Amino acid sequence: MREFLRTKGFKMTPQRELVFRSFFELGKHVSVDELYDKVHQKDRSVGYSTVWRNLKLICRVGLAEEVNIGDGITRYDRVTQAPHGHFYCQGCKQFIEFNVEQIVGILAQTARDHKFVPEGFKIEVQGYCKKCRGRKNRSAKTEKPHAIERRYDVP
């Protein structure tokens, strides 16, 4: 990691190393607050702004990307080789990753049809997992078929 950062023009300081290590230990879909809590448990001298700046650096050097699903909390996901999307449960706040290979093919063809050159994409679907649907007295039988085709939240 030290050499990787140096090739990008950055030094690996002890605090930066702690933030990077903690980020990768936590796994995926990490918020700044969650990362700060983990870092602060190990070294109470590391401030929130240091964690935030280094998390932004992790994104800047291509090791993570922001995930925003509309709940007001920015999360950070490690960049993986395989493209994937996210189902986000609005009940338990769980992320479920899914393979998007078929969707990528459709997007690529649609882009060609429109003479558009995409540089990236994110697929994030909001809803309720099976457990939370049960808690909200929802069931697959009472859900409207193809509800996702009829409802779009456009900013």
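Residues in region 61-71: is at least one in contact with a His (Cβ under 8 Å, 6 or more places away or on another chain), in a strand (DSSP E or B) and among the hydrophobic types (A, V, I, L, M, F, W, C)?
yes
Go over the candidates 76, 88 one by one and state the one that is in a strand (DSSP E or B) and at pLDDT 90 or above.
76
This table checks each residue for (1) surrounded by 11 or more Cβ atoms within 10 Å (Cβ to Cβ); (2) at pLDDT below 85.
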residue	(1), (2)
103	yes, no
108	yes, no
115	no, no
119	no, yes
124	yes, yes
128	yes, no
131	yes, no
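I want to confirm something. Restricting to region 52-94 and keeping residues that are over 26 Å from residue 9 (Cβ atoms) and of a type in the set (Phe, Trp, Tyr), which single residue is surrounded by the most Cβ atoms within 10 Å (Cβ to Cβ)?
If we take residues in region 52-94 being over 26 Å from residue 9 (Cβ atoms) and of a type in the set (Phe, Trp, Tyr), then 88 is surrounded by the most Cβ atoms within 10 Å (Cβ to Cβ).
Could you list, in sequence order, the residues of region 35-79 that are over 11 Å from the mean Cα position of the chain (by Cα) and among the hydroxyl-bearing types (Ser, Thr, Tyr)?
Across region 35-79, the qualifying residues are 36, 45, 48, 49, 50.
Any idea how many residues of region 1-21 are buried (at least 17 other Cβ atoms within 10 Å of the Cβ) and either modelled with pLDDT under 90 or in contact with a Leu (Cβ under 6 Å, 6 or more places away or on another chain) (or both)?
1
The values are calculated or read from the model by the stated rules, or taken from the named source; none is laboratory data. Please read all numbers here as calculations on a predicted model, not as lab measurements. Don't worry about glycine lacking a Cβ; one is built from the backbone with ideal geometry, like all the others, and counts go over all protein chains shown.
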